[in-house]
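Written below as structure tokens is the structure these notes are about.
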Amino acid sequence: MHQDIVPLCAADIQDQLKKRFAYLSGGRGKDGCPVITFPDYPTFSDIPDKEFQNVMTYLTSVPSLQDAGIGFILVIDRRQDKWTSVKASVLRIAASFPANLQLVLVLRPTGFFQRTLSDIAFRFSRDDFKMKVPIIMLSSVPELHGYIDKSQLTEDLGGTLDYCHTRWLCHRTAIESFALMVKQTAQMLQSFGTELAETELPNDAQSTSLVLSAHTEKKDKMKEDMKLALQEGHSILESIREPLARNPEYSLNQDQLDNQTTVQRLLAQLSETEAAFDEFWAKHQQKLEQCLQLRHFEQNFREVKVALDGVSQKISTFTDVGNSLAHVKHLLKDLANFEEKSNVSVEKARALSLEGSQLIENKHYAVDSIHPKCNELQHLCDRFAAEIGKRRNLLNKSLELHGVLETSMKWCDEGIYLLASQPVDKCQSQDGAEAALQEIEKFLETSAENKIQELNKIYKEYESILNQDLMEHVQKVFQKQESTEEMFHRRQVSLKKLAAKQTRPVQPVAPRPEVFTKSPCPSPGIRRGSENSSSSEGNVLRRGSYRRAKSEMSENQQVRSGSTGDEEESLAILRRHVMNELLETERAYVEELLCVLEGYAAEMDNPLMMHLISTSLQNKKDVLFGNMEEIYHFHNRIFLRELENYIDCPELVGRCFLGRMEEFQVYEKYCQNKPRSESLWRQCSDCPFFQECQKKLDHKLSLDSYLLKPVQRITKYQLLLKEMLKYSKNCEGAEDLQEALSSILGILKAVNDSMHLIAITGYDGNLSDLGKLLMQGSFSVWTDHKKGHSKVKDLARFKPMQRHLFLHEKAVLFCKKREENGEGYEKAPSYSYKQSLSMAAVGITENVKGDNKKFEIWYNAREEVYIIQAPTPEIKAAWVNEIRKVLTSQLQAFREASQHRALEQSQSLPLPVSSHTSPSRGNTKAVRKLEERKTDPLSLEGYGSSASLPKPPEKGKGWSKTSHSLEASEDNDGWSSAEELINSSDAEEEGGAGPRKLVPGKYTVVVDQEKGGPDALSAKSGDTVEVIHEGDEGLWYVRNLSTGQEGWVPAGSLSTLIGKSKSAQCLSSSESGTGSALLSNSSSCSESCNTTFSDLKG
């Protein structure tokens, strides 16, 4: 009876097989039938049916289908059992055996009783077994050998077959495990192959690379698994063949041979699977690698195409053909630099095209996509080379044209210089004129090779580059050439006339001899006729001589007139020459700034250059370059374009400077930053970044030379303006040029002053609150105060302090100069703040007895006196004048305020008009008194009362707290406020109230005087007057030496210029003790002002 049994594995029923109640020894019957042995097993009847069925099913499945088809021989060993057990065993086997049976051999019990019982019972129970095969009861083992050869039986059945149940079980388990492994490996390879075949190729290089990496990783794992499986199969095969290895004469049984065949078949199958997979993987890997190559090619193509498009777009902007020879050379250099930089992209494109061709040669699957891209790259490279060549040819053509124009202009300039250098006086002589003619003719011989011959030929030859501006330039050069030739022609005509002119000798006229011989005593009538005739001839002679003289004078006038015209033309040429230099240097300056900004400043932000920048240089671009970009934009966008508008009228260029004076203040900021920039450069000058940038720019000079360009440029302008003013004195724009020159010099002074101002340390307040810085300089200073010990007084008299003074509109600062160690800007001095004096409480004494370089600055009505010694009298005069201007402006401001108060307090009275023009005190007394009451702030009546005058600052408040801040004994050159010095001024201090007394001599007007009446004198500050006599109420009658006019002026508005007084003249701003505010030798002008400086901090 057969049942559908599920195939089992040895591993599944390993425990059941280990019981060994039945086994497959590997023996075969005579027909090759497999032999299954049922050994003596006492508990056979206790084996569960399921286990028995599993073992039977498995054992019958082991032999090949061919052998199993013949049928099995069952050997049942029951020699030690009872008949009842034998019967039960046979019946059970017959009922559950799942395969065909060929023969059943039963070794019956060996006991006499049991053997007899079995014979009898077997006869009567044969039909109970219901088997289709014969069952043979054997009494002994030898009988068994009659049916099965001993070599096919195990030792327990008297045979010689080598069988180990444990080894057999191990082999079966390993073979089945190996078979399963081979099956699973094949399935995994098939699944992986399907996955690879269905994978879509990515569209970018990164994804393709990831897919290739993932697939390669899986492939390697598969290969490792196959390697392990192969090792396992070979290990099993070696185990099966182990008996042969021990004994070469050993013969494997059929089951062992079947096992060996099975393992070999599995190994062959695994090898075939591996080979098929390797072949598939090679194709798949090649496809992925080609895909990756394609994606890289496409990505590089896009990048290169963008770069080439950018290059093509940028080269299309190279339309400028230059406006000068230097400009064209610069453009050619820029084109060469651009070509060098662009060649990087072009070389990449050519290399990529070559790479694409190589892919095509290697039979890439995407030839249709690669080939057009290679053609496009080649086309772009060829087009770039053609464009570069075209631009270079145009620029070379422009260079050639500008060379011709420059040569012509140089020839014209040399010719004009030649004409200008020929002295007119020497050309008046015949030899001088001939020598000048020879010079001119010799110079004109060079015209053929230096000047433009035909204008139309130039237009035709250089048609490809001639734009509107360049054509106008050619026309101007040609016109200049024609004008120069015309000047030479006029000069030649004049010189030829001078060379041809000969001095004609005067021929004397003698009386005719026949007259005297014929009539030695002529009659009166004859005498008269003779006299008349002689006089008539004399008149003719005189008229001829006059005509010749007049003709010669006319010629000389023409020569002089021509010379004047030539001189004017020469000056015009010189002005154009200066203008050309200004424009050319301005263009070069702008180009240099741009070169620095693009080649250095911009590269500091370039990520590719970051590795070259040192740590100390990072984020320091603003320190290194300052506001150079602001300067560049001003010059490039504004100033250069405006300068070009004056190329035809260079004498008016001063207006261009005047209109942009505010913008020139950017240089002050740049110069103030220059010390920091210099210091940073010295720290980082060896940085590889600067060397790499300099190499790229092909600069011979390092960066620091270019950082100095703005400083050099701002100083260059004043030299060019001076040169232009020299040749434009009689021109329309001369005043503008002079004003522009003064303004530029003022900017230079402001820049220089600001460089010193930023070096002040220790000042607590804001320096900008002190007003504009007017002057600064170093002086020797003595202090001389009313209070103090005699020892301090003596030290002050003989020990000067070295102080650097800063004069502001509202204060004067005293600082100590300290030289710093180092080089360049690091050696620049710094200034330690010591003290400051408010200009509201300052007075000056212009002359100090015994030294024309000294003057006094005193404070609070001479409570503090500072004797200042300048390096030179000129510096002293400049400082005194500047301080006088400050005090005078304060006086004027106070005067206007007082006038306003006086007008509010007084009544309106009619002014009597005097009919007298002579200086009469009596007739003008009332008028002057009333005018002074209303308008003159220097009279007490103008104030109303002294109580309304502002008091001087108290100590410890406002400026007075800093006025005594000289340190005690800093190198014995300063004194503290605790040791105020005793007054030891050499100048005489003259105090007291009352009108100023007349001192004969000349005076300087220090306050502008408006004409307030018919006898009053109008004068400006700075005019020199001479005193004629003294009037009443502080009025003096003077003569203005500049205009010659005479009139009355207030004595307080004058300062001694030349006089016999031994007292020093001074201008002060301290209030007199009695409240008068007269401007006298020691009087005050600004202490009485309403303006105070108590809010300023010292």
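The values are calculated or read from the model by the stated rules, or taken from the named source; none is laboratory data. If you're wondering where the values come from, they're calculated on a predicted model, not measured in any experiment. Cβ placement follows ideal geometry from the backbone for every residue including glycine, while neighbour counts extend to all protein chains displayed. Heavy atoms of the whole protein, side chains included, go into the accessibility calculation; ligands, DNA and RNA do not. Shrake-Rupley method; radii C 1.70, N 1.55, O 1.52, S 1.80 Å.
Working from the alpha-carbon coordinates of segment 1-81, get Rg over Rh, Rh being the Kirkwood radius. Walk me through the numbers before you get to the answer.
On the way: Rg = 12.8 Å, Rh = 13.5 Å.
Taking Rg over the Kirkwood Rh, I get 0.95.
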Checklist entry - In segment 296-409, carbon and sulfur make up what percent of the accessible area (probe 1.4 Å)? => result 53 percent
Checklist outcome for this item: The correct pair for segment 146-246, radius of gyration to one decimal and Dmax as a whole number, both in Å and from Cα atoms, is 23.3, 81
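Over 13 Å apart: what share of the alpha carbon pairs of segment 306-345 falls there, rounded to a whole percent? Don't skip to the answer; put the middle values down first.
Values: 421 of 780 pairs.
Result: 54 percent of Cα pairs exceed 13 Å.
D for segment 240-336, whole µm²/s, Stokes-Einstein with Kirkwood Rh over alpha-carbon pairs at 25 °C and 0.890 mPa s: what number? Intermediate values should be presented prior to the final figure.
Details: Rh = 21.2 Å.
Answer from the Stokes-Einstein relation: 116 µm²/s.
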Checklist entry - For segment 330-432, which semi-axes, largest first and in whole Å, follow from the square roots of 5 times the eigenvalues of its Cα gyration tensor? => result 63, 10, 7
Item to check | Dipole of segment 258-405, positive direction: furthest Cα of Phe301, Ala336, Asn393, with charges on the beta-carbon | outcome: Asn393
Item to check | Fraction in percent of alpha-carbon pairs per bin - 10 Å, segment 196-238 | outcome: 25, 32, 21, 15, 6, 0
Checklist entry - Counting Lys and Arg as +1 and Asp and Glu as -1, each charge on the Cβ, what is the dipole of segment 135-180 about the Cα centre in debye, to the nearest 20? => result 140 debye
Checklist entry - Sorted by average packing, counted as other Cβ atoms within 10 angstrom per residue and highest first, what order do 253-264, 64-75 take? => result 253-264, 64-75
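Please sort 831-844, 732-745, 222-235 by packing, taking for each peptide the average over its residues of neighbouring beta carbons within 10 angstrom, highest first.
Working: 831-844: 23.9, 732-745: 17.9, 222-235: 15.9.
Descending mean neighbour count gives 831-844, 732-745, 222-235.
What order, most packed first, do the peptides 572-579, 450-457 have when packing is the mean number of other Cβ atoms within 10 Å of each residue?
The packing order, highest mean first, is 572-579, 450-457.
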Next on the checklist: What number does segment 670-791 give for Rg over Rh if you use C-alpha atoms and the Kirkwood radius?
Outcome noted: 1.15
Checklist entry - For segment 384-470, what D do you get in µm² per second when you plug the Kirkwood radius from alpha-carbon pairs into Stokes-Einstein at 37 °C and 0.692 mPa s? => result 208 µm²/s
